Structures are given as structure tokens and as C-alpha cells.
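These notes are about the structure you will find just below.
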Amino acid sequence: MRTVTFLPSYRKIDVARGSTILDAAQRAGLSINVVCGGQGKCGKCVVYVQSGRTEFDRQKYLQFFSEDELNKGACLACQTTVQGDLKVFVPESTLIQEQKILIEGRDAGIEFHPSVRKYYVELQPPTLTDPSPDLTRLLWGVQRSGGPVAEKIYVPLEVMREIPTLLRHSDWKVTGTVALVPGGYRLIDLQENDTSKRIFGAAVDLGSTTVVVYLWDLVTGKVVAVASNYNRQISCGEDILARVNFARKNGLTKLQALAAESINTALTSASNTAGIDREDIYEVVVAGNTVMSHMLLGIDPAYIIAEPYVPVVQRALSVAAGRIGIAGNQNCGLFVFPAVSDFIGGDIIADILSCGMSEREEISLLIDIGTNFEVVLGNKEWMFSCAGAAGPALEGGEVLFGMRANPGAIEKITVDPFTLDPSYTTINNIKPRGITGSGLIDLLAELISACVIDRTGRINTGIENKRVRTGPHFPEFVVAWAHETDIGKDIVITENDIKNLIMSKASIHAACVTLMKEAGVTRHEISTIYFAGAFGNYLDKKNATIIGLIPEIELERIKNIGNGAVTGANLALINRRERKTLDTIASRIAYIELNAEPSFMDDYTSSTFLPHTDLTLFPMVQKLLEACRLRKG
């Protein structure tokens, strides 16, 4: 075993010789920024070896470092193996930092019909003339207070044991909590005196990177607090595949605990903000992708990523929250959204519920983009879906100065078509440190509109402008000069970066086209395109069309629905009637495996141009490019 000491925190961990520094850091609980999943493609996991022996191919990854950085011991944590005891300095910029987390969903005008309610009752004590049993007396009282019919309420043994003492100790004044669960009504809690105003529920978006919680007052039907934080599973792997592999190595118990801990952290933060006791949280509704839902419940996800890609369960589940470590009332319930397939999970069902596409005759296209993308096409009668790897480029990976939505990330950018001078805004309005996904889409669209790049993504190095230059490895365009940035380097986009972005956008566009062909639908028949999730929420819809990320339709028919996953979870939390539709929605969706579709690769190849090989599919962009040629001519 070799000892790795991480500075400046002085965390120590023993690992086997040949382990990567990234493996050691994750075992030590350090959340290293590895956008590409540890493949050595993003260059974000930079650390400095201060002493000790390692193996690292400097020449292979030369593009990520200056000579001065290499002389100081710089290397990629994911590609450097431990050969002896080490001291490793981890810069703050290498750790996952505070991220701009999308917490807002659309105003859905949610009807209020919660599945958990409290009923305060004042009972008459038994007498010789009225010797009704305590349980019967209590349930009649609940019924008279507006609750369900007494005979339809099931009472678990653990609650029944508390009834005689509580009734007499409280002078027969108690509050019963009744939940509608699969199979009927259930008395889940009994408290002394009137606590009927203290009942709350939480809607949770359990993402692979972030967790968002909405805390609702289930008496007034109002949101009382919102909280968010990172999914702590990141310490076990950046992406889903890495975490499933971690689970295979006896890591499932840890992953389950980290998922519950991530939710609990957000629940505690929201509860503190609202000034409530977590014991007053009686229900938690979770929307997450298929793998996240399995891991939260402690169900082995290994077979989801192995052919034929079968999940253990797809239907909606209701369990006791306490059984998996979710903090709330001791009898708090947990409802988990259903899934469709290996990669179309509860978060996408929540998106569909949020935008309402499953309720309308009109045909809609829903796109949710992250490291992976999901696409759904259809209406109330039918729906087709597919999923694929968007590639890390749209999240800042495989792009030299790409980054997540952290402080200092350029999120919006325009380029003057004559001077080529950029104007941009950064997260938190501080000096730029890199470019986030939405900023990269803007930049790509601006560069083709200004004729800096052609339709294949090549940079026109014949342009006489100081921002267009030949870099050490590729032609590049300078977005921000070193003196303007927070990192002391020119922030550039290279021709190789542009190639990676084009490949990512081509996958998404080709997936949309594949579903349209499957359904026999043209772009003219699509009434609305919905973008869901953080990436889509900050995306400029015109620029997304210019680069050919999506089929071209009228811009006013392209809508951002914000965090559709948490909006869908909100709907299911406070309107129990919506839950009845979820399994129906899931069962109506046909999943198309892109790898099995012969036409997908042809559509992908056609989409690896800006915007496409066939410009007649993008008449707005065709006019824009013609104007560019006339201006330059």
C-alpha cells in the first residue's frame, strides 16, 4: 500500500500501487472535477505532485499544461498512477465548486389535493354506557372531522400500541395523520393535542450532479422553502457509469447512504429556512433517472448498463422513507417516480407531467440535456423516446476552457460581426474563468454568423484580426485576454473544441430526426419544442437553432420549462390525482434504441455540419448565412 497525502487539507489515504490519484482523492472524500468521467479528455482534474513517484504521460496531455506548470508537478489526477508515497496539492479550481443550480420550475397552477392530511379530534372518553374500543372511537372521530370512512383506514401495529396511552394522557384531544397509500388509507401518526397546522411535504429532484428540494406546507398549499446542493455520490464517480462500476465493487451501500445524505442535507437546509421541525415532514416525492432511483432505494443497478439493459423495477414505488435513511417524521412516506427504460427515468416522466405534452392533441418535442440527453416526441395518444450520450462538451468537458456553471463561467456571449470583439456575462459577474455550456452554444452561433468559422467548424485563419490566430495545437479564437480573466490566461475556443461541440449537437439533432422518422412526423407538424433542465433553461433558442441542435421551427414555439423534474415532483406531491397518471404515461412511451436504428448514423453524419448538410431544413439559418457571405463579400 502507498500513502497519498492531499494538501492543503492534509487528508491521507492508503491505496494500492497503480491506483490513480483520482481514485485516491475520491476515497479520501475529495470531490474532484472530472467532467469527462476520468478519461483524460477534459483536463479539469489538474493536481500538483509535490513529492513522491508517479507515472504520467506528459507528452500525451501536453495540450492542457504550460511548461512552467509541468515543471511544478502538474498532472491529470485521472491519468496519473501512484507508484510510491505521495504529497499532492489540489488547487481550489480542481475541486467541484458552488454551482448555479436550477431550482425554478414553471408555474403549473397546481391543484391542491395532498395525499397526507391531519385531523384534530376531541373525543368523549368511554363509559359503561359507551364502551367502544379506543381505535373505533378514534377513527370515528377522524371521519367526523372530514377524514376517510373509519372502516377504510388501516392502522399499523406500531401506531396502535400508542393509542391507549396517548388518548388518556392528552385528555382525549389528539391529532391523527392519515395518508393515502397503495391499497387505501393508513393512519401513520398520532400526536397529543392540536398539531393539525404542522404538516409538510418535500418534492425532490435527485440528479446525478445536484439535488433540489421544494418544501411545501400541506395545509396551505404553499412553498415555504427551497434548497439545493451537490449529490454527494460525486465523490464515488462523476458520471452514472462510474458509479455503477463503484456499486459493483461492493459500493452500493455507500452510494445509497450518500444519496439519502444528499437529500437530507437539502431537507435540513429547507427546514431551517422555513423554521420547521423535520419531524413534521410526512411525505417525500422523488423524481430521478433510473439509475439514481435504484441507488436511492439500494437496488442493484448493475444490469441497467449491461445488455439487454434491464432495470429491476420500472413502476412507481411507495416505501417508508425511514427504511432508506430519509430524515422526516418516523412514519414519513416516500414516493418514487416510475421509469420507462434504462435511460428514460422518473425525471423524464416528471418533465412530461410538467409540460403537459401527454394531455394534448398537438405534437410536442421534449429535450432534456446533460452529460446524457433524453428526447420524447408525441402527444396524448402516443409517445416515442430515446436517449444517448451528449458527450461532455456541452457541460464544459473536451473543451479547453469549458466549465460547469460555477462562478466566473461565461454564460452568455455575443460577437460583433465587424470588429469580432466579444461581449459576455459571467455567473456572479466576476472575471471570467471559462465558458459554460450555454455560453459555448452562443459562441458557436456567433462565430458562424460572423463568418469566423465555416459550416464544418473550421476557423478562417485568413481573417486579419488579432483574435483569430494559430495556437500551439489548433487554430483558435480569443474570447478574453489574459489580463481580463481570473486565471491569468487567454480564454480561447479552439478548432478542436468546435469539432467536439459539433459532434455533441449532432447526436441530439440526429436523435430528434430519428424519432420524427419513426412517427412519420415533419418539423412542420411539431407544435412546441420544450427544453427541460438547467442546460436547456439557460440556452438561447435562436442560437440552438442556428447551430442545428434542434429542428428549426418558429422561435416563439420553443419553450424552456426550467427544472421540469422538480415541477413534476411538486405536482405529484400536492395533487395525489396526478400520481394515478404516472404509470399510464410511462406505459404509453415506446423506447427507441438509437444504436439499433440503421438510419441514426446517417442522420448523425448529416448533422455534423452547421447547422446541417441540408440547408433547406433550416431556412432561417440559410438566410443568415447568405447575409454573412454578402457582408463579407
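Give me the Å³ per residue figure for the convex hull around the C-alpha atoms of the stretch 524-593.
Hull volume normalised by residue count: 134 Å³.
Beyond a 28 Å Cα-Cα separation, which of these cross-linked pairs lie in this structure: Lys249/Lys505; Lys41/Lys505; Lys41/Lys412; Lys412/Lys559?
Where the Cα-Cα span goes over 28 Å, the pairs concerned are Lys249/Lys505.
Going by average Cβ density within 10 Å per residue, which order do the peptides 86-93, 544-551 take, highest to lowest?
Ranked by mean Cβ neighbours within 10 Å, highest first: 544-551, 86-93.
Take the Cβ-Cβ distance between Glu122 and Lys152 as r, set R0 to 25 Å, and report the resulting FRET efficiency rounded to the nearest 0.05.
My answer for the efficiency is 0.65.
What is the gain in length, in nm to one decimal, between Met160 and Ala16 on full extension, counting 0.36 nm per residue of separation less the C-alpha to C-alpha distance?
That works out to 46.5 nm of additional length.
Where both residues lie in the stretch 200-336, what percent of DSSP beta bridges are antiparallel, nearest 5?
The antiparallel proportion sits near 65 percent.
If you split all Cα-Cα distances of the stretch 2-94 into 10 Å bins from zero, what percentages do you get per bin, shortest first?
18, 58, 24, 0
What's the FRET efficiency of Glu381 with Gln622 using the Cβ-Cβ distance as r and R₀ = 45 Å, to the nearest 0.05?
The calculated FRET efficiency here is 0.85.
I need the calculated FRET efficiency for the pair Phe89 and Ala596, taking r as the beta carbon distance and R₀ as 41 Å, to the nearest 0.05.
So, using R0 = 41 Å, E works out to roughly 0.30.
For the chain, what proportion of DSSP beta bridges, expressed in % and rounded to the nearest 5, is antiparallel?
Around 70 percent antiparallel, to the nearest 5.
Subtract the Cα-Cα distance of Arg576 and Thr605 from 0.36 nm times their separation in residues, and report this length gain in nm to one decimal.
5.9 nm
Using a simple spin-label model with points 7 Å from Cα along the Cα→Cβ vector, what separation in nm is obtained for Gln330 and Glu359?
The two pseudo-label positions are separated by 4.0 nm.
Note the full-extension length gain between Glu55 and Asn465 as 0.36 nm times their separation in residues minus their Cα-Cα distance, in nm to one decimal.
143.5 nm
Using a simple spin-label model with points 7 Å from Cα along the Cα→Cβ vector, what separation in nm is obtained for Ile430 and His483?
Between Ile430 and His483, the simple spin-label model gives 2.2 nm.
Could you line up Met516, Met295 from fewest to most neighbouring Cβ atoms inside 10 Å?
Lowest to highest Cβ neighbour count: Met516, Met295.
Measuring from the lowest to the highest alpha carbon on each principal axis, how far does the stretch 352-479 reach, largest first, in angstroms?
56, 32, 26
For the chain, treating each Cα as an identical point scatterer without solvent, what Debye log10 I(q)/I(0) comes out at q = 0.09 1/Å?
Evaluating at q = 0.09 Å⁻¹ gives log10 I(q)/I(0) of -0.79.
Readers should treat all values here as calculations from the given coordinates under stated rules, not as data from a laboratory. Because the structure is predicted, anything quoted here is derived from the model rather than measured. Positions of Cβ are generated from backbone atoms using ideal geometry, with glycine treated the same way; all protein chains shown enter the neighbour counts.
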